[in-house]
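Right, one structure below, let's go through it.
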Amino acid sequence: MTKRNWKGTTTTVVAILMGTSLLMNGQAYAASETSLTTTTTHNLDKQSVDDQNNQQAANEQNGTNIDLTATEESTTDNSQNKQTENNAAPFDPNATDSSSTISDPNTEDKNEATTTSASSSQIADQVISKGLKYKGVPYKYGSSKKTTRTFDCSSFTQRVFKEVGVNLPRDSRQQSKVGQKVSKNQLQKGDLVFFRSYGSSSSRITHVAIYAGDNKLMHTYGKPGVTTTKFKGTSWEKRFELGRRVI
């Protein structure tokens, strides 16, 4: 018969059972810790939410709504505005703000028209003054534009206007195409006046003069050379073809 050693076996079984019990207790403890941590975190989150809700309710009751993002942007904008103000030029009470100045278009147009009219009138006076200094210079048909010892009608007008800065073509027919056309009743001092041949029904230009104002023409022809003559009520009026304003 075999004799078994139950004592060693019993000890081993007891050790196994004790180890299993400790393992189970450790797992239970870990689970308990996890549950406790979760519960604590949940309570803290709930408390934080409750605190925020209570704070928002209090703010709304006091008429204040705090927005952290808006507050930060407002602070940034205020800083930028303050920096801009510091960098801005000092205020000058005598300075004129062009953006706030409103111009009167009627006044501007009126001033421009007055300036233009005055300038034209001054040039016209200069033309007459320049022309009169040649009074008595002999007439010569086909006279050279380079000389002032003699003139024909178109070289005379070309010379006088050139001296005041207005360039004209050499012959009368070319000059009759320059500037603005004006009628006999619209003639002003300094206008060019063009004529056809005496007794001719043709519109062909054969003579040019300068209107000197006060019903007078300044031109050159025949025996008198450079001279002034009356316009209306004379043969010159009958020969009138057109007027041209070049200043």
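Annotations for the structure displayed:
- For Ser143, the shell of other residues with beta-carbons less than 14 Å away shows a net charge of +4, using +1 for Lys and Arg and -1 for Asp and Glu.
- Legend: ranking of residues Val166, Val160 from fewest to most surrounding C-beta atoms inside 10 Å; resulting order Val166, Val160.
- Of Lys162/Lys184; Lys145/Lys181; Lys140/Lys189; Lys181/Lys238, those spanning more than 20 Å from alpha-carbon to alpha-carbon: Lys162/Lys184; Lys145/Lys181; Lys140/Lys189
- Charge context of Lys162, other residues only, Cβ under 10 angstrom, K/R +1, D/E -1: +2
- The ranking of Asp214, Asp171 by Cβ neighbour count inside 10 Å, starting from the fewest, reads Asp214, Asp171.
- Positive minus negative residues near Glu241 (Lys, Arg vs Asp, Glu; Cβ under 10 Å): +4
A short reminder: the numbers here are calculations on the coordinates, not readings from a lab. Remember, predicted model here, so these are calculated numbers, not experimental data. Don't worry about glycine lacking a Cβ; one is built from the backbone with ideal geometry, like all the others, and counts go over all protein chains shown.
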